[in-house]
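Accompanying notes for the structure given below.
The values are calculated or read from the model by the stated rules, or taken from the named source; none is laboratory data. No experiment lies behind these values; they were computed from the predicted model shown. Here Cβ is always computed from backbone atoms with ideal geometry, including for glycine, and neighbour counts include all displayed protein chains.
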Amino acid sequence: MEASEIQEQVVKILTPYVKDQQALAKVSLETNILEDLKVNSARLVDVVLAFEDAFDIEIADDDVDEVNTVGDCVRLISEKV
Amino acid sequence: MGRALDRAELMTRIPQQEPFRFVDEILEIEEERVLGAYRWRPEADFYRGHFPGNPVTPGVLLVESMAQCGVVPLAVYLSFLELEEADAEKFQTLFTEANVEFSGIVRPGDRVITETRRIYWRRRKLKADVEMRLEDGTVICAGQLAGIGVIR
C-alpha cells in the first residue's frame, strides 16, 4: 500500500475526532494529532482501534506512546501492512 | 499479574463517596460485564428543585450512577486483574465520553439496576454498552459510556 493511500485513510479515521477544522484543511505528515488537530487524548485509543480494523494489523500499546504526528501513524502502519 | 477482586472489596475501591455516591451494590462482576444497583434516596436534596412538587431524578445523576455502577467498578476490577495492587491503586477512572438516550423517569425511592458490557479495555480506557433499568425491567437509559484511568 502506498504511503499516500495510508495517509488518506489515517486522516479519514482522525476526522470525526478533530476539533480544529482549519488545521485539518492543511493537514500534512508533520501535523501533530493532539496539539494541532486538538484531538482529545482519550480518543487516541479509539483511533488506534480504528487503524487496527481498517488495516487489519495489531498495534502494541508501547508503539502508541511514540505516535504524535500524522506521519508517525503512517510510518507505524506502513511497517505492519 | 494481579488478582480478581470480590464484590465486597470492589465496593470499597469505588472512589466516589457521599454525598456523591450513587451505587449501593455490585450484584455481579466478571471481565466482560458488571451489574450494579442503586436506590434513589427520597430525602436527597436535589428533589426539592428537580422539580418542585414533582420530583424526578435528574438525567445527569442517572448517567453518573450508571458510571459508578458499571464503568468505574469494571475498570477497577480489570486494573487489579492486570496489575500488581500497588500499581492498580495509582489509577483513578475519569469520565471521558457519554452517548445515551433516556426512555423513562426515575422517581424518589426507585431502585435501578445498571448492566454494563465491555466494548473494549485498552490502555486503561474502558468503553462499554450500558443499560439502566427499573426493578420491573423498564429501560430508563441506554447507550455507551467510556472512562480512562489517570494517575491520581
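Descriptive notes on the structure:
- Test result for B:PRO55, in a loop (DSSP other than H, G, I, E, B), without any contact (Cβ under 8 Å) to a residue 40 or more places away in the chain and in contact with a helix residue (DSSP H, G or I) (Cβ under 9 Å, 6 or more places away or on another chain): no
- The residues listed here are B:VAL130, B:VAL100; of these, the one that is buried (at least 22 other Cβ atoms within 10 Å of the Cβ), under 14 Å from the mean Cα position of the chain (by Cα) and modelled with pLDDT of 95 or more is B:VAL130.
- Residue check, B:LEU74 surrounded by fewer than 21 Cβ atoms within 10 Å (Cβ to Cβ) and closer than 23 Å to A:ALA60 by Cα: no
- Residue in region A:67-81 that is free of Cβ contacts under 8 Å to residues at least 12 places away in the same chain and either closer than 20 Å to B:LYS127 by Cα or among the small types (Gly, Ala, Ser) (or both) present: no
- Options A:ALA23, A:ALA42, A:ALA50: the member that is touching an Asp or Glu at 6+ places or on another chain (Cβ under 8 Å), within 14 Å of chain B (Cβ to nearest Cβ) and either surrounded by 14 or more Cβ atoms within 10 Å (Cβ to Cβ) or assigned to a strand (DSSP E or B) (or both): A:ALA42
- Qualifying positions in region B:103-141 - farther than 26 Å from B:GLU43 by Cα and outside any strand (DSSP E or B): B:ARG123, B:ARG124
- Summed over region B:103-118, the residues that are farther than 15 Å from B:PRO73 by Cα and either acidic (Asp, Glu) or within 14 Å of another protein chain (Cβ to nearest Cβ) (or both) give a count of 1.
- Members of region B:1-18 found to be assigned to a loop (DSSP other than H, G, I, E, B), of a type outside the set (S, T, N, Q) and in contact (Cβ under 8 Å) with a residue 24 or more places away in the chain, listed by number: B:MET1, B:GLY2, B:ARG3, B:ALA4, B:LEU5, B:ILE14, B:PRO15
- Selected residue (criterion: surrounded by the fewest Cβ atoms within 10 Å (Cβ to Cβ)) from residues of region B:19-32 that are closer than 10 Å to B:TYR77 by Cα and either without any contact (Cβ under 8 Å) to a residue 60 or more places away in the chain or among the hydrophobic types (A, V, I, L, M, F, W, C) (or both): B:GLU30
- From B:PHE80, B:PHE95, residue being assigned to a helix (DSSP H, G or I) and surrounded by 13 or more Cβ atoms within 10 Å (Cβ to Cβ): B:PHE80
- Selection of region A:61-78 for residues being out of contact with any helix residue (DSSP H, G or I) (no Cβ under 9 Å at 6 or more places or on another chain), assigned to a helix (DSSP H, G or I) and either more than 19 Å from A:LEU37 (Cα to Cα) or within 14 Å of another protein chain (Cβ to nearest Cβ) (or both) yields only A:ASP62.
- Hits in region B:133-149 (condition: surrounded by 14 or more Cβ atoms within 10 Å (Cβ to Cβ) and either free of Cβ contacts under 8 Å to residues at least 40 places away in the same chain or at the interface with chain A (Cβ under 10 Å from one of its Cβ atoms) (or both)): B:ARG133, B:LEU134, B:THR138, B:ALA146, B:GLY147, B:ILE148
- Check on B:VAL100, part of a strand (DSSP E or B), away from chain A (no Cβ under 14 Å), more than 19 Å from B:GLU30 (Cβ to Cβ) and in contact with a Gly (Cβ under 6 Å, 6 or more places away or on another chain): yes
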